[in-house]
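This report refers to the structure that appears directly beneath it.
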Amino acid sequence: MNFNTIKQEILKSKRIGLSFHTSPDGDAVGSILSLLNALRYLGKDCYVISRDVISDNFSFLSLSNEINGNILEPKMNTDLVIVLDCGNFERISANLSNYDGKIINIDHHISNENYGYINYVDAKASATCEITYLLIKELGINFNEKSDTEIAIGNAVYTGILTDTGSFRHSNVTSRTHNIASELIENGVDNSKIHSNLFDNKPCNKVKLMGSVLSNIELFLDNKVAVLQIPKGMLEDFNLPNTDTSDLSSVGLGIKGVEVSILLKEVEEGVKGSLRSKNNVDVRKVAEVYGGGGHIKAAGIMQKGVNLIEAKENLLKTLKEEMHLWKKK
């Protein structure tokens, strides 16, 4: 794979829309903002298409205020839409049903459905931000001038990598991941400040929310599966309607003997689920049963039309089968 075809499509396009997966995490936010800053710098009429808003801990990133949920579909005369960090068409945080132009799909999920006119999927990348960094360099931004724009792009890239690798502790980290992080720090990115903005900047109510969720943690399947739940209305009760709860997804893995941690969040349409695996249980296969996807050790799903109890029972049943197969290996 190379970026030449993508580069040519970008350079000949005047108006470009950018989108990502619904309920965007740090990698989705970082990849879209890195490319948004870069394409604006190159003189492109570039904008974000998103039905989602982002949590406050990403507000330090340049142009983050443009992810505001106001633009739901491509504007008139949009030449190109680039979708980042989204494995399937249904999960795109945009209405593309009336758009008949080209879509470029850039992602790192092995389960990606290749829905684009051009599909650049690198499952070896720790984060989609690794890919956007390399693409941006291919577009002629070399990061060594340490300009405000280059540092803004770098901050977004580093945010995506940091969050999708669990602060560089997950097994998806490669030598390239560290090389990119090293280059970013060398060229002016303040890694300590980014970490502080992301993880040491919680409102008091967020800590109280975490305490409430953790106080009701449950263990299943011989204490190998931890389940955390956020019932509908809980976020509003803590005055945190738009808070990022992804940091709770892997908390259960800190319990001795637990192999899989599940966070279930009840929403209007049903129940969102985030699955995390400590060793070799393939949670991606579990998510795919319910139309979700992701990686072997990190996956997400949306079960529509069910409540928390039903969603939990569904996942535990499928997990029991997957863990039985895992034990046999």
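The values are calculated or read from the model by the stated rules, or taken from the named source; none is laboratory data. In this text, all values refer to a predicted model and were calculated from it rather than measured experimentally. Cβ atoms come from the backbone with ideal geometry, glycine included; neighbour counts cover every protein chain shown. Please note that ligands, DNA and RNA were not included when accessible areas were found on the heavy atoms of the full protein model with its side chains. Shrake-Rupley method; radii C 1.70, N 1.55, O 1.52, S 1.80 Å.
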Quiz item: Which three semi-axes in whole Å describe the equivalent ellipsoid of the chain, each the square root of 5 times a Cα gyration tensor eigenvalue, listed largest first?
Solution: 32, 21, 20
Self-check item: C-alpha long axis of helix 175-186 to longest principal axis of the chain, angle in °
Solution: 60 degrees
Quiz item: Expressed as an acute angle from 0 to 90° and rounded to the nearest 10, what is the orientation of the C-alpha long axis of helix 308-328 relative to the principal long axis of the chain?
Solution: 90 degrees
Practice problem: Enumerate by residue number the trypsin sites (Lys or Arg not before Pro) in the stretch 189-277 meeting two conditions: DSSP loop (anything except H, G, I, E, B), and at most 11 other Cβ atoms within 10 Å of the site's Cβ. | Solution: K256
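Restricting to DSSP loop positions (anything but H, G, I, E, B) with no more than 15 other Cβ atoms inside 10 Å of their own Cβ, which trypsin sites (Lys or Arg not before Pro) remain in the stretch 113-183?
K124, K146, R169
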Exercise. Once you have the Cα-Cα distance between E313 and H195, take 0.36 nm times their residue separation minus that, and quote the gain in nm to one decimal.
Key: 38.9 nm
Practice problem: Would you tally the net charge around S261, using a Cβ to Cβ cut-off of less than 14 Å, leaving S261 out, and scoring K and R as +1, D and E as -1? | Solution: +4
Quiz item: Can you give the calculated 222 nm mean residue ellipticity of the chain, where each DSSP H run of n ≥ 4 adds -39,500 (n - 2.57) and the sum is split over every residue, rounded to the nearest 500 deg cm²/dmol?
Solution: -11000 deg cm²/dmol
Exercise. May I ask which residue of V283, N201, L72 lies farthest towards the positive end of the charge dipole of the chain, with charges of +1 (Lys, Arg) and -1 (Asp, Glu) on Cβ and the Cα centre as origin?
Key: V283
Exercise. Excluding residues fewer than 8 places away in the same chain, name every one of the lysines whose C-alpha is closer than 19 Å to that of K285.
Key: K124, K224, K272, K297, K304, K312, K317, K320, K327, K328, K329
Self-check item: Summed residue charge, Cβ within 11 Å of L84's Cβ, Lys/Arg positive, Asp/Glu negative
Solution: -3
Quiz item: Taking Cα centroids, how far is the stretch 32-93 from the stretch 217-252 in Å?
Solution: 28 Å
Quiz item: Quick one: helix 148-164 against the long Cα principal axis of the chain, what's the angle to the nearest 10°, folded into 0 to 90?
Solution: 20 degrees
Quiz item: Which residue fluctuates the most in the chain, going by a Gaussian network model with Cα springs under 10 Å, if the choices are L263, L35, L96?
Solution: L96
Self-check item: Simple spin-label estimate for F168 and E145 in nanometres, 7 Å along Cα-Cβ
Solution: 2.8 nm
Self-check item: Förster radius 30 Å - calculated FRET efficiency between V306 and E66 (Cβ-Cβ, nearest 0.05)
Solution: 0.30
Practice problem: Taking the Cβ of C46 as the centre, find all other residues whose Cβ is under 9 Å away and add up their charges (Lys, Arg: +1; Asp, Glu: -1). | Solution: +2
Self-check item: DSSP loop GluC sites (Glu not before Pro) with at most 16 other Cβ within 10 Å: longest gap in the chain
Solution: 1-144
Quiz item: Any idea what the dipole of the stretch 88-164 comes to, in debye rounded to 20, about its Cα centre with Lys/Arg Cβ at +1 and Asp/Glu Cβ at -1?
Solution: 40 debye
Exercise. Provide the per residue accessible area, probe 1.4 Å, for the stretch 55-192, rounded to a whole number of square angstrom.
Key: 44 Å²
Self-check item: Nearby lysines by direct alpha-carbon distance to K75 (threshold 17 angstrom, same-chain neighbours under 8 apart not counted)
Solution: K14, K44, K102
Quiz item: When only DSSP loop residues count, what chymotrypsin sites (Phe, Trp or Tyr not before Pro) in the stretch 1-63 have their Cβ near at most 16 other Cβ atoms within 10 Å?
Solution: F60
Quiz prompt | the chain, accessible surface, carbon-and-sulfur percent (1.4 angstrom probe) | solution = 46 percent
